[in-house]
Amino acid sequence: MWYSPSHGLIKTPRAISKDGVDYPPQIFRKFSKAELANLGFHPARLSVADHRYYNTSGEEYNFDAATNEWVISYGSSAKSVDDLKVQMKSKVKSIASSTLAHSDWMTHRESDGGTAMPADWKTYRADVRAMSNTKEAEIDALADLDAVKAYQNDPIVEVRYTSTYDVDGSEVIGPGTKSHNIEVDKGTFGWPNAPDVEADPYHVRYE
């Protein structure tokens, strides 16, 4: 992507005219940065605030002499932390509700005099409700926008087994492991697993 005050933003190569000379689209692929700069075209990059946390307004173009490129930015204002927390708690409640809905039929069956819900399912459903309450309390305690960002972008490490293949071509999982750095939203991560969920054979632990 390139920008020139006289030609505007050029997202993909196109033919241009400069000082009475017509240039084909290929110049943006074949010309060096210095050659394009002599024609008034410099690389352009976007600098955009995270839309999850900021409202954006009109765009601005500023030339960065240090990197010899145009920086396209947008005016931004922080969203209301209280509004963000309301949305986050609503999402937590929605997860809990939809999660419990899958086993509600067991509750109805028992209340109608049918087979009692297995103990592990009762424990699971209680854990889901407790987790929902815990996450809502955590969200309520977030004091500012930085705390909200940290909660929704929590760095953790997942350790997973690696696999190899034996002489018969069968996959052998482990014992070797590999660590993976990931970021998780604590509001949506770490919910209890239902008793009938099949365990991930590659997962070892989170750190």
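No value in this document is a laboratory result; all are computed from the given coordinates. Just so it is clear, the structure is predicted and the values come from calculations on it, not from any experiment. Virtual Cβ from ideal backbone geometry, glycine too; neighbours counted across all protein chains shown.
Our estimate of slack between Met1 and Asn68, defined as 0.36 nm per intervening residue step minus the Cα-Cα distance, is 22.8 nm. Counting only residues at least eight positions apart within a chain, or on another chain, the lysines with an alpha carbon under 28 Å from that of Lys122 are Lys89, Lys91, Lys93, Lys135, Lys186. Remark on the chain: Rg and Dmax equal 27.2, 88 Å (Cα only). The local environment of Trp2, defined by Cβ-Cβ distances under 15 Å, has a net charge of +4 under the rule Lys, Arg +1 and Asp, Glu -1.
Ellipticity at 222 nm from helices only: DSSP H runs of n ≥ 4 in the chain, each -39500 (n - 2.57), divided by the residue count, give -10000 deg cm²/dmol. Placing a label point 7 Å from the Cα of Lys149 along the Cα-to-Cβ direction, the residues of the range 72-89 whose backbone N falls under 15 Å of that point are 76-81.
With a sphere of radius 11 Å drawn around the Cβ of Asn153, what net charge do the other residues whose Cβ falls strictly inside it have (Lys, Arg +1; Asp, Glu -1)? Around Asn153, the charge tally is -2. Shown for the range 2-78 is the translational diffusion coefficient from the Stokes-Einstein equation, using the Kirkwood radius over Cα pairs, a temperature of 4 °C and a viscosity of 1.567 mPa s: 94 µm²/s. For the range 136-191, chymotrypsin sites (Phe, Trp or Tyr not before Pro) are listed when DSSP marks them as loop and at most 14 other Cβ atoms sit within 10 Å of their Cβ; the list is Phe189.
In terms of other Cβ atoms within 10 Å, Asp140, Asp127 run from fewest to most in the order Asp140, Asp127.
For Pro24, neighbours were defined as the other residues whose beta-carbon sits under 15 Å from its Cβ, and their charges (Lys and Arg +1, Asp and Glu -1) total +2. Candidate membrane-span-like segments in the chain, meaning DSSP H helices with Cα atoms spread over at least 15 Å of their own axis and a Kyte-Doolittle mean of -1.0 or above, are 81-101, with no membrane implied. Counting neighbouring Cβ atoms within 10 Å and putting the fewest first, the residues Arg14, Arg160 line up as Arg14, Arg160.
Ordered by the count of other Cβ atoms within 10 Å of each Cβ, fewest first, Met117, Met1 give Met1, Met117.
Note on Thr164 and Lys11: their simple-model spin labels are 4.9 nm apart, each label 7 Å out from Cα toward Cβ.
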